[in-house]
Amino acid sequence: MIEAPPGGFAGPVKRSITIAGHCTSISLEPAFWWALEDAAAARGLPLSALVAQIDHLRITASDPPNLASAIRSWLFAAIVSQETNENDSQQR
């Protein structure tokens, strides 16, 4: 049986971020905001700088998704990659 996430389910929260001098609003669920903040801190970056890097990667894609989707996809890939690296390290 599965369980609800800690704190339950929550809808998106809209925040304004400045990217390359332009203010934009991004709507993400709280869990994604927390993961994004953790990822920025782990890289020693302000949140807006990490979002700008993700946005740069997003706009170079052949069929760019919206920014919120790009952030979610990037976070998922980063977390899976981190878990894979941790598992590889434990097996050594």
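The values are calculated or read from the model by the stated rules, or taken from the named source; none is laboratory data. These figures come from a predicted structure and were not determined experimentally. Methodologically, a virtual Cβ is constructed for each residue, glycine included, from the backbone with ideal geometry; neighbour enumeration extends over all protein chains shown.
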- prompt: Tell me, which helices (runs of 4 or more DSSP H) wholly within the chain include 3 or more residues that are in contact (Cβ under 8 Å) with a residue 40 or more places away in the chain?
  reply: 67-91
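Looking at the range 58-75, which of its residues are surrounded by fewer than 16 Cβ atoms within 10 Å (Cβ to Cβ) and either under 18 Å from S25 (Cβ atoms) or modelled with pLDDT of 95 or more (or both)? Spell out the reasoning first.
Pass one, the range 58-75, residues surrounded by fewer than 16 Cβ atoms within 10 Å (Cβ to Cβ): 59-66, 69, 73.
Listed by number, the residues that qualify are I59, P64, P65, N66, S69, S73.
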